[in-house]
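The values are calculated or read from the model by the stated rules, or taken from the named source; none is laboratory data. Because the structure is predicted, anything quoted here is derived from the model rather than measured. Neighbour counts are summed over all protein chains in view; Cβ atoms, including those assigned to glycine, are modelled from backbone coordinates with ideal geometry. Areas reflect the complete protein model, heavy atoms only, side chains present, ligands, DNA and RNA absent. Shrake-Rupley method; radii C 1.70, N 1.55, O 1.52, S 1.80 Å.
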Amino acid sequence: MKHATVSVDGTRLKSLLDGVNQFGFSPETGGYNRLAFSESDMACRNWFMEKMQAEGLDVRMDPVGNVFGRFGPADGPCVIVGSHLDTVADGGAFDGSLGACAALEAALALRDANYAPSCAIEVVATSEEEGRFGGMLGSQAMTGQASLDWVNSARDSDGVLLKEAMRVAGLDWARVPEARRSPQDVKAFLELHIEQGPVLERAGCAIGIAEEVSGVCYLEVQLSGVANHSGTTPMDLRCDAFAGLTDISASIPELIAKLGTEQSRITIGKVDLVPNHPHTIAGRATFSIIIRDTSRDVMCALRDAMQRRAEDAAERHGLTFTLTPKSWLDPQKLALELAEATEHAVKELGLTYQRMPSGAGHDAQTMQTLCPSGLIFIPSQRGISHSPEEYSVWSDIENGANALLHTLIKLTS
Ligand SMILES: [Zn+2]
C-alpha cells in the first residue's frame, strides 16, 4: 500500500498533451491532422520518443512506427500501456493522444515515487490506429495480424499505397513482421481513452471500464434503376434508386427493435447518387451500411435482415441490387481481470464508475488477442469526437490518468 498516494502530475501531463498537439494543428478548422505516416505524424512520434529518452526511458521505434519507452527491468516480460498518436482528418485534441500522454505521465510519476515495478512497464504510442489504410496497423503488427500480402496491397481512400506512405516516412514495409511481440514478453496491455460517446456524461460517472468492444460489419450496397426526367416521369412509372435507399434506411429502427440489442448500431453514412442532379431521378445509389454490436450472432442476424430489406426495396422500386461485404471485425471481450484491477483502483480513488461496452474500435481489442487487455474511458463533453469540438474537462482527464496509474500499480507490484 505504500504507493497508494502516488498521483499524476497534472501540469506535466498538460505539457505533454500540448507538446503532442503542436503537431498537425490547423488554425483554419481548429482540428488536428496527424494522418498515419504523414510528416506531422512522424514528427510527433519522434518528438514523443525524444521526450521519453530525455526522461531516461529506454526508447525504440518498431518497423511500423510504434514508439516504445521502457521503464523498470531491462529484461523479462512487460506490461504495455498507451494509445495512438495518429488522428483522423481534423480530429480532436484528446483521441489517442490522451492515452499515450497519460501512460508516459503514469510511468514518470512511478519513477519519481521510486517505485520498482515487478516487471517492466513499456509506454507505447501506437501507429495507424485510425484506419487510414483500413486496419489498425500498429497493434495488428504487434499481434501478428498484419500479413505482408495485405501490407503490400493496402491503399488509403486517395489510392496511396501503404508501403509507399511507409517508405516516405522512413519505414520499410518488408520488416513489418519484425514488429510482432511474443505472448511470453507481454503480460498485459492497458489503454486510457476518451469515451467518444455521451454515456458517462449522461450518467454523471467519472470513469468507464470497458468490458467488450463491438464488432463492425461493413457492407456496400448498390441499387440501380433508371435516371429519368423528374417532370415527365409519373410517380408510379419510376425506377428510383434513391427511393429504394430511403426505404432501406427507414426500416432500420424497426429492424433493431426486432432483432437487435441496446448495443446495436446501423449507420448509412456514405451515399453516392448518380447523376446527383436536382431535376433527374436517381439512376444509381451506392451506399455504405455499417452494423455494430457486441454479439456476433446479433451482427449476423442484422446483416441478413438488411440484405432482405435491400431485396424487398429493390423489388418494390424496380431496381437491381448488389451487396458487397467490405469488411468484418468480430466483437471482442476484454480481460475480466484487468477490468477488476481498474475497478479496485477506481474504488480506492473514490471515483464514480460504470462498466460498459465500447461502441468504437480501439487498439485494446487487437491487443486482447495477444495478452489480457483493458480499456478505461473518461467522459467526452456532449459525446463528440473525431471533430475539433472534441473536449474533456481537465478534472476528468486527471481522474482518468490516476485510474490508469493505479491500475498499472496493481498489474506490476
Ligand atoms: Zn482513438
| message | On C-alpha positions alone, give me the angle between the axis of helix 296-316 and the longest principal axis of the chain, in degrees, nearest 10. | response | 20
| query | Using alpha-carbon positions, what is the distance between the centroids of the stretch 275-303 and the stretch 131-154, in Å? | reply | 26
| field | Structure-based [θ]222 nm, the chain - -39500 (n - 2.57) summed over DSSP H runs of at least 4, per residue, nearest 500 | value | -10500 deg cm²/dmol
| message | Rolling a 1.4 Å sphere over the protein heavy atoms, what is the accessible area per residue of the stretch 180-254, to the nearest Å²? | response | 44
| query | So what J values fall out for the stretch 47-52 if you push phi through Karplus, 6.51 cos²θ - 1.76 cosθ + 1.60 with θ = phi - 60°, rounded to Hz, Gly and Pro as x? | reply | 4, 5, 5, 5, 4, 5
| Two-site FRET efficiency, Q307 against V274, from Cβ-Cβ distance with R₀ of 22 Å, rounded to 0.05 | 0.50
| request: Please list, in chain and number order, the residues 5+ apart from V79 or on another chain whose amide H is under 5 Å from its amide H, with Hs placed from the backbone. | output: A120, I121, E122, K187
| Between the helical axis of 394-412 and the dominant principal axis of the chain, each derived from Cα atoms, what acute angle in degrees is found, rounded to the nearest 10? | 60
| Once the piece of chain linking I290 and D236 is laid out straight, how much longer is it, given 0.36 nm per residue of separation minus the C-alpha distance between them? | 16.3 nm
| DSSP-assigned coil residues among GluC sites (Glu not before Pro) in the stretch 349-398, each with at most 14 further Cβ atoms within 10 Å | E389
| query | How much area per residue is accessible in the stretch 12-164 when the probe is 1.4 Å and only protein heavy atoms are counted (Å²)? | reply | 34
| message | Residues of the stretch 266-296 with backbone nitrogen within less than 14 Å of a virtual label 7 Å along the Cα-to-Cβ line of K326, please, listed as ranges. | response | 267-273, 286-292
| FRET efficiency, 1/(1 + (r/R0)^6) with R0 45 Å, evaluated for D156 and N228 via beta carbons | 0.80
| Cα gyration tensor shape of the stretch 326-413, rounded if a/c is under 1.5, else prolate or oblate by comparing a/b with b/c | oblate
| remark: Between the alpha carbon centres of the stretch 184-245 and the stretch 39-115 the gap in Å comes to 31
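Where both residues lie in the chain, what percent of DSSP beta bridges are antiparallel, nearest 5?
65
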| What ³J(HN,Hα) values, in whole Hz, does the Karplus curve 6.51 cos²θ - 1.76 cosθ + 1.60 give for the stretch 33-40 when θ = phi - 60°, with x put for Gly and Pro? | 10, 10, 4, 3, 6, 6, 4, 5
| request: For S358, list long-range residues whose amide hydrogen, built 1.01 Å from N in the peptide plane, is under 5 Å from its own amide hydrogen. | output: E211, E212, V213, S214
| request: Report the net charge of residues surrounding L223, where surrounding means a beta-carbon distance below 13 angstrom and charges are Lys +1, Arg +1, Asp -1, Glu -1. | output: -3
| field | Loop-located GluC sites (Glu not before Pro) in the stretch 1-82 whose Cβ has at most 13 other Cβ within 10 Å (DSSP) | value | E28
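By the scheme Lys and Arg +1, Asp and Glu -1, what is the net charge of all other residues having a beta-carbon under 11 Å from that of G30?
It works out to a net charge of -4.
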| message | Rounded, prolate or oblate, given the Cα gyration tensor of the stretch 107-236, with a/c below 1.5 counting as rounded? | response | oblate
| Tilt relative to the chain, helix 336-348 - C-alpha long axis, 0 to 90 degrees, to 10 | 60
| field | Phi to ³J(HN,Hα) by Karplus 6.51 cos²θ - 1.76 cosθ + 1.60 over the stretch 170-181, Hz, x for Gly, Pro | value | x, 10, 9, 4, 5, 8, 3, x, 5, 6, 5, 9
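May I ask for the percentage of alpha-carbon pairs in the stretch 220-329 that lie more than 24 Å from each other?
27
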| task | Run the accessible area of the chain with a 1.4 Å probe and give the carbon-and-sulfur part as a rounded percent. | result | 50
| Among the lysines, which have Cα under 19 Å from the Cα of K410 when same-chain residues fewer than 8 positions away are ignored? | K2, K187, K347
| What is the pair-distance distribution P(r) of the chain, computed from all Cα-Cα distances in 20 Å bins starting at 0, with each bin given as a whole percent? | 26, 52, 19, 3, 0
